[in-house]
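Take a look at the structure set out below.
We did not get these values from a lab; they are worked out from the coordinates using the rules stated. On a predicted model such as this, the values are computed, not experimentally measured, just so you know. Cβ: placed from backbone, ideal geometry, glycine included. Neighbour counts: every protein chain shown.
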Amino acid sequence: MIASEPSDRQVLVLAPVGRDAELAGRALAAAGIEPRVCPDPEALVACLQAGAGAAVLTEEALTLALVARLAEQFEHQPQWSDLPLVLLLSREHLSSRAGGLDPLGRRPNLVLLERPTSGRVLVAAVKAAIAARQRQYQVRDLLVQLQQLALELHQAEHRERRRLAELLHDHLQQLLVAARFHLGRLRARVDDPAIGITVDSVDQLLDESISVSRSLTMELSPPVLHELGLGAGLHWLGRWMQEKHGLCTHVHVEDSEGPQSEGLRVLLFQAARELLFNVVKHAGVQEAWLEMTRTADGCFHLMVADEGAGFNGQANHKGGSASFGLFSLRQRLIAVGGEVEIDSRPGQGTRIRLTVPPLCDDASEPV
């Protein structure tokens with residue numbers, strides 16, 4: 001399990017009028033709850049970004065500007081997170097103020113308490129909010145474990161690919177080269193034309209076998225991916241698709257190193273290769289675009305696009321007519337906290353965008 005930061009357990013309090021903040025803080029502290037009184041909305045938003053277990057706000061704090069900022073903050077929460085809010089509203093303002101809370105949406109962890117309220121009622125509401133938050137943290141920890149297991153699976157698969165590639169390169173290819181060498185010496189001693197033709201045929205078969213073995217070695221585990229990073233690996237992939245399949249691939253990479261995790265690098269490389277293969281098999285064009293970018297928050301975006309035949313992207317997204325390849329790719333991305341966006345229509349080309357967050361970063365964000 002992931003250890004919670006101290007801020008994960010804090011209950012933020014914003015009550016700008018009178019002694020409301022002081023009294024609320026005292027009641028919570030007396031019940032063993034760690035309160036943090038925020039002097040203004042800016043401090044509240046900063047504390048939310050650092051992490052919190054819940055937040056208590058009075059109606060005087062709920063300006064339209066703050067409600068809008070809270071709505072934006074909650075919009076960018078990780079999928080596992082729904083920060084509990086406890087709002088203290090007077091009877092005459094309860095219904096009217098509730099209407100001003102619409103930007104926050106119908107959130108299950110939004111609790112409205114009528115003022116004046118006792119410390120006992122406030123503590124009970126906050127304890128329930130903290131219990132809900134703890135369950136969210138448990139979900140977060142499970143998601144992190146699933147992400148780690150998914151990446152370990154990718155790494156195990158890739159280690160096996162590398163082992164097979166090394167086996168092909170260090171053993172099978174050497175045996176084939178040695179066999180061809182001895183066959184060449186034998187060919188020099190053959191005088192019978194019929195036998196010479198047979199020897200030449202065997203030599204040609206050995207040459208093709210060596211070529212196929214080398215190609216398979218590169219397909220299983222391109223050395224450039226491990227030696228020079230994901231960016232160099234994607235550029236190599238573009239050249240390889242041109243040489244092997246005649247697909248002119250325009251490659252643009254903003255972050256040449258790619259993710260620090262080997263599992264994520266391998267996942268993105270394999271995804272790019274699968275999507276380019278789909279272009280070759282289904283798009284009916286000889287040109288594609290491959291792009292990898294990184295956003296300020298550390299997310300990696302991989303995009304493969306073409307101007308080919310296209311397909312019903314909405315049906316594919318729903319799974320009605322999705323190919324097994326795209327379905328499998330989507331499941332692998334979901335397992336590491338990523339997502340797949342498909343933009344395609346028949347006759348209008350295809351654009352597929354993969355998003356992969358920094359490993360475990362999203363799952364460790366408190367809010």
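Can you tell me the FRET efficiency between Leu142 and Asp297 if r is taken as the Cβ-Cβ distance and R0 is 22 Å, rounded to the nearest 0.05?
According to the calculation, E is roughly 0.45.
Counting each DSSP H run of 4 or more residues in the chain as -39500 (n - 2.57), what helix-only mean residue ellipticity at 222 nm follows after dividing by all residues, to the nearest 500 deg cm²/dmol?
-17500 deg cm²/dmol
Determine the gain in length on full extension of the stretch Arg239-Ala128; use 0.36 nm per residue of separation and subtract their C-alpha separation, reporting nm with one decimal.
Once the chain is fully extended between Arg239 and Ala128, it gains 34.2 nm.
Convert 37 °C to kelvin, take the viscosity as 0.692 mPa s, use the Kirkwood radius over C-alpha pairs of the range 18-79 as Rh, and evaluate the Stokes-Einstein diffusion coefficient in µm²/s, rounded to a whole number.
258
Using θ = phi - 60° and the Karplus relation 6.51 cos²θ - 1.76 cosθ + 1.60, list the HN-Hα couplings for the range 16-31 in order, rounded to whole Hz, with x at every Gly or Pro.
x, 10, x, 9, 4, 5, 4, 5, 5, x, 4, 4, 5, 4, 5, 8
Taking the square root of 5 times each eigenvalue of the Cα gyration tensor, what semi-axes in Å does the equivalent ellipsoid of the chain have, largest first?
61, 22, 15
Excluding Arg180 itself, what net charge comes from residues whose Cβ is under 12 Å from its Cβ, given Lys and Arg +1 and Asp and Glu -1?
Net local charge, Arg180 excluded: -2.
For the chain, what relative contact order do you get, as a whole percent, if you take Cα pairs closer than 8 Å and at least 6 residues apart?
RCO, the chain: 14 percent.
Between Glu274 and Thr63, take the C-beta separation as r, use R0 = 41 Å, and let me know the FRET efficiency to the nearest 0.05.
Efficiency, from the Cβ-Cβ distance: 0.25.
In what order do Thr217, Thr355, Thr63 fall by count of nearby beta-carbon atoms within 10 Å, going from fewest to most?
Thr63, Thr355, Thr217
Once R0 is set to 30 Å, what does the formula 1/(1 + (r/R0)^6) return for the Cβ-Cβ distance between Leu228 and Ala309, expressed as a FRET efficiency to the nearest 0.05?
With R0 = 30 Å, the Cβ-Cβ based efficiency is 0.30.
Using only Cα atoms, locate the centre of the range 246-275 and the centre of the range 1-76, then give the distance between them in Å, rounded to an integer.
42
So between Asp191 and Ser213, what do we pick up on full extension, going 0.36 nm a residue minus the alpha carbon distance?
Contour length minus the Cα-Cα distance gives 4.8 nm.
Assigning unit charges at the beta carbon (Lys, Arg +1; Asp, Glu -1) and nothing else, what dipole magnitude in debye, to the nearest 20, does the range 113-175 show about its Cα centre?
Computed charge dipole of the range 113-175: roughly 580 debye.
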